[in-house]
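Reading through the structure tokens given below for one structure.
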Amino acid sequence: MEQIVTLARQRGLDFVVLSDHNTVSQHALLAALQDSVPDVLLLQGAEVTTYQGHGNALGATAYVDHRMGLDGNNVTTLLNAVRAAGGLFVVNHPELDLGNACIGCAWRHENTPWDLVTAMEIHTGPFEPVASLFTPLVLQRWEELHAQGFRITAVGGSDDHKAGLDLGNYQSPLGSPTTLVRAETVSNNDGSFELLKRLPPGNYELRGCQLAADPGADIFRTILQLKQSAVPFTVLPGQETAEHNLNLLVGQ
């Protein structure tokens with residue numbers, strides 16, 4: 001875990017999810033370590049691994065039975081159990097069909113209740129070969145579900161198992177790709193950890209756009225606003241606040 005925290009700091013991450021396969025035994029160790037880690041939030045979770053697919057139970061506080069077919073367990077009972085444990089379910093690498101090289105990596109659960117799925121990994125691991133072989137298939141699947149009315153959040157995952165070491169062809173270092181979360185603060189459920197969003201000293205560029213009820217209806221105006229509103233600014237050591245004005249008027 002210490003190596004994961006070190007890598008997270010090096011990569012500028014505010015939080016990481018530690019999810020081992022079909023166990024939550026790491027949660028006690030994670031909680032003990034958090035007291036000595038004031039700058040990175042360590043989120044608990046588990047990777048629920050079955051023969052028909054893998055998925056992360058983000059924030060789940062208890063073990064979720066992954067043994068499909070035993071005592072009536074199926075994909076619906078699994079996803080309901082994740083919610084009962086306080087977790088959000090993410091379908092991992094849904095089209096990563098590698099046969100016996102990764103048993104169950106592709107999501108092949110029939111009759112999946114997609115209304116119980118919070119997110120889906122659109123891209124997993126390094127850009128290549130994943131982007132050529134699997135990402136287009138995932139995008140097609142995600143768009144088909146969107147057309148059916150399911151609002152499933154698109155996320156990225158590194159599938160990093162060893163804090164950036166011994167990476168395989170379908171793994172990348174923690175934070176590549178990165179899933180961004182819009183939040184004023186980062187905190188855990190009981191409020192014992194809270195991290196204010198701060199920028200380290202350096203040079204930055206601020207951009208903005210007007211939010212619309214349907215952002216896709218005027219995408220070109222949004223792109224122009226983001227392009228034309230750029231304001232460079234510098235964060236100095238010890239600086240607490242900064243104010244900058246943005247011009248969101250689009251030139252004709």
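Within region 50-65, the residues that satisfy the criterion of being of a type in the set (A, V, I, L, M), without any contact (Cβ under 8 Å) to a residue 60 or more places away in the chain and buried (at least 17 other Cβ atoms within 10 Å of the Cβ) are 57, 60, 64. Taken over region 82-131, residues that are under 13 Å from residue 159 (Cα atoms), β-branched (Val, Ile, Thr) and assigned to a loop (DSSP other than H, G, I, E, B) amount to 0.
Within region 116-135, is there a residue that is touching a helix residue (DSSP H, G or I) at 6+ places or on another chain (Cβ under 7 Å) and among the polar types (S, T, N, Q)? Yes; the residues of region 116-135 include at least one that is touching a helix residue (DSSP H, G or I) at 6+ places or on another chain (Cβ under 7 Å) and among the polar types (S, T, N, Q). Take the conditions (1) surrounded by fewer than 22 Cβ atoms within 10 Å (Cβ to Cβ); (2) aliphatic (A, V, I, L, M); (3) in contact (Cβ under 8 Å) with a residue 40 or more places away in the chain; (4) over 19 Å from residue 149 (Cα atoms); residue 116 misses just one of them, which is (4).
Right, residue 46: among the small types (Gly, Ala, Ser), assigned to a strand (DSSP E or B) and either without any contact (Cβ under 8 Å) to a residue 60 or more places away in the chain or closer than 23 Å to residue 67 by Cβ (or both) or not? Yes; evaluated as a whole, the condition is true for this residue. Here 178, 124 are screened, and the one residue that is within 30 Å of residue 243 (Cα to Cα), modelled with pLDDT under 90 and β-branched (Val, Ile, Thr) is 178.
Filtering region 132-148 to residues that are aromatic (Phe, Trp, Tyr) and not in a helix (DSSP H, G or I) leaves only 134.
Can you spot a residue in region 66-81 that is crowded, with 22+ Cβ neighbours inside 10 Å and either assigned to a helix (DSSP H, G or I) or not assigned by TED's automatic domain parsing to the domain that holds residue 144 (or both)? Yes, the conditions are met somewhere in region 66-81.
Within region 3-32, the set of residues being assigned to a strand (DSSP E or B) and either aromatic (Phe, Trp, Tyr) or under 15 Å from the mean Cα position of the chain (by Cα) (or both) comprises 15, 16, 17, 18, 19. Applying a threshold of 8 Å to beta carbon distances and a minimum spacing of six or more residues, or different chains, the list of pairs starting in region 10-38 at a residue that is assigned by TED's automatic domain parsing to the domain that holds residue 104 and ending at one that is part of a strand (DSSP E or B) and charged (D, E, K, R) reads 19/47; 20/47; 21/47; 22/47; 26/20.
On the stretch given as region 82-95, residues that are closer than 23 Å to residue 139 by Cα and either surrounded by 20 or more Cβ atoms within 10 Å (Cβ to Cβ) or in contact (Cβ under 8 Å) with a residue 40 or more places away in the chain (or both) total 7.
With respect to the conditions (1) in a loop (DSSP other than H, G, I, E, B); (2) surrounded by 13 or more Cβ atoms within 10 Å (Cβ to Cβ); (3) modelled with pLDDT of 75 or more; (4) of a type in the set (Val, Ile, Thr), residue 155 lacks only one, and its number is (1). If you filter region 209-246 down to residues that are of a type in the set (Asp, Glu) and modelled with pLDDT under 75, you find that the one that is surrounded by the fewest Cβ atoms within 10 Å (Cβ to Cβ) is 240.
What are the residues in region 150-167 that are closer than 18 Å to residue 121 by Cα and free of Cβ contacts under 8 Å to residues at least 12 places away in the same chain, if any? Of everything in region 150-167, those that are closer than 18 Å to residue 121 by Cα and free of Cβ contacts under 8 Å to residues at least 12 places away in the same chain turn out to be 151, 161.
Among the candidates 133, 58, which residue alone is of a type outside the set (Ser, Thr, Tyr) and in contact with a Phe, Trp or Tyr (Cβ under 8 Å, 6 or more places away or on another chain)? It is 58.
The values are calculated or read from the model by the stated rules, or taken from the named source; none is laboratory data. All values reported here derive from a predicted model rather than from experimental measurement. Here the Cβ is made from the backbone with ideal geometry for all residues, glycine too, and neighbour counts use every protein chain on show.
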